[in-house]
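Everything on this sheet refers to the single structure shown next.
The values are calculated or read from the model by the stated rules, or taken from the named source; none is laboratory data. It should be emphasised that the depicted structure is a prediction, and the values quoted were computed from it without experimental measurement. With ideal geometry, Cβ positions are generated from the backbone for all residues, glycine too; neighbour counts draw on all protein chains shown.
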Amino acid sequence: MKLLITGGAGFIGSCFVRHILNKYKDYQVINLDALTYAGNIENLDDVKNNSNYRFVHGNICDKALVRELINGEKVDAVINFAAESHVDRSITGPEIFIETNVKGTLNLLQAAKEAKIQRFLQVSTDEVYGTLGKDGYFYETTPLAPNSPYSASKASADLLVRAYFETYKMPVLNTRCSNNYGPYQYPEKLIPFFISQLLKGEKVPVYGDGMNVRDWLYVYDHCSAIDTVLHKGKVGEVYNIGGHNEKTNLEITRIILDAMGKDENSIKYVEDRLGHDKRYAIDNHKIQSELGWEPSLTFEEGIKLTIDWYLNNQDWMRSIESKKASLV
């Protein structure tokens, strides 16, 4: 197959590019990425010389480029990771989230429809479902109820994907994942940010009381799940992908502190985020029972691998942070 992977220089996208190239030696991958602040082409230094891989610097909002790649390259499938994804940034500047996450997805769908591709897989988030109380889980049938500009833009994109299936019978698939963690994550996200802060001898900021709950999924488990849905999923369907690892933000913080020989004196409690969803939790039954996928790592295994990776790749983190500083 020939795959167009959009947003393939970001955290999850770059891991998926690597997963595909390592697993399928006869697949060709075109990676389209705008290299905005969270995109880092250095994430793929280890595969840049692979003869089955090609990087294209461009934006999914560029209609002509998208059409040229999907039609001209005769790709078999599109996997769309490209998105603005940081909730705090969406609160202070929501416009770019609509531009990229909604209009960009529409451009991809339209070009894919014209080209009659075999698969269009939209990578989404459990945040489109809103928030949960102390009990219960998100199912694929849970109504969408986004609470931030970011999650609203992702929900809008998901609905466009659904509409292209219902209206045009396009072979679409939709995945919604829980919080990812692992190597190559941009250091504004909780785990790498906290590790970076502690390495500098600074305190880590915990929102509110730290009791917000997230389900944590190791990034390469997520990649294997997307791979499974791409090849085995039923078109028109949504598949939730979770890690069965519900942790409060405070629990995650304490795990990182312990791994780095710090105590709770390194915590700084800060005012809670606006519209901060209290709890996310995913029910994985559909992808497990219908497609046979389940996570391969326990959280304890995954978080150790993750912390070790950041501690062993401090030059990578410093490079990202220096680039971030130059953009301010």
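Residues considered: Ile70, Ile79. Of these, the only one that is under 23 Å from Gly236 (Cα atoms), over 19 Å from the mean Cα position of the chain (by Cα) and either in a strand (DSSP E or B) or at pLDDT 95 or above (or both) is Ile70. Test Leu250 against the criterion of being closer than 27 Å to Ser151 by Cβ, part of a helix (DSSP H, G or I) and touching a strand residue (DSSP E or B) at 6+ places or on another chain (Cβ under 8 Å), and give yes or no. The answer is yes for Leu250. Taken as a whole, the condition of being among the hydrophobic types (A, V, I, L, M, F, W, C) and modelled with pLDDT under 95 applies to Ile191.
Screening region 189-208 for residues that are of a type in the set (A, V, I, L, M) and surrounded by 17 or more Cβ atoms within 10 Å (Cβ to Cβ) and picking the one that is nearest to Asp88 (Cα to Cα) gives Leu190. The C-beta contact set for region 36-63 (first residue farther than 21 Å from Ala112 by Cβ and modelled with pLDDT of 95 or more, second residue assigned to a strand (DSSP E or B) and of a type in the set (Ser, Thr, Tyr), distance under 8 angstrom, 6+ apart or interchain) comprises Leu44/Tyr53; Val47/Tyr53. Comparison of Asp215, Asp227, Asp209 shows that the only residue that is within 20 Å of Tyr27 (Cα to Cα) and either under 21 Å from the mean Cα position of the chain (by Cα) or outside any helix (DSSP H, G or I) (or both) is Asp227.
Considering (1) aliphatic (A, V, I, L, M); (2) under 18 Å from the mean Cα position of the chain (by Cα); (3) within 20 Å of Gly39 (Cβ to Cβ), the lone condition that Ala152 does not fulfil carries the number (3). Considering the conditions (1) part of a loop (DSSP other than H, G, I, E, B); (2) out of contact with any His (no Cβ under 7 Å at 6 or more places or on another chain); (3) crowded, with 20+ Cβ neighbours inside 10 Å; (4) at pLDDT below 95, His276 is excluded by exactly one of them, (3). Selection of first residues in region 128-145 that are assigned to a strand (DSSP E or B) and of second residues that are surrounded by 13 or more Cβ atoms within 10 Å (Cβ to Cβ) and of a type in the set (A, V, I, L, M, F, W, C), restricted to Cβ pairs under 6 Å at least 6 apart or on distinct chains, gives the following pairs, ordered by first then second residue: Phe138/Ile282.
Tally up the residues in region 10-29 that are crowded, with 21+ Cβ neighbours inside 10 Å and either among the hydroxyl-bearing types (Ser, Thr, Tyr) or over 20 Å from Tyr218 (Cβ atoms) (or both), please. Residues meeting the conditions: 2. Only residues that are over 28 Å from Met211 (Cβ atoms) and part of a helix (DSSP H, G or I) were counted in region 279-297, giving 6. Can we say Gly261 is among the small types (Gly, Ala, Ser), surrounded by fewer than 16 Cβ atoms within 10 Å (Cβ to Cβ) and more than 28 Å from Lys134 (Cα to Cα)? In short, yes.
Restricting Val128, Val172 to residues that are touching a helix residue (DSSP H, G or I) at 6+ places or on another chain (Cβ under 8 Å), under 12 Å from Gly236 (Cβ atoms) and not basic (Lys, Arg) narrows the list to Val172. Taken over region 152-179, the criterion of being crowded, with 19+ Cβ neighbours inside 10 Å, among the polar types (S, T, N, Q) and at pLDDT 95 or above is satisfied by Ser153, Ser156, Asn174, Thr175. Please enumerate the residues belonging to region 58-67 that are buried (at least 21 other Cβ atoms within 10 Å of the Cβ) and part of a helix (DSSP H, G or I). Passing the criteria: only Val66.
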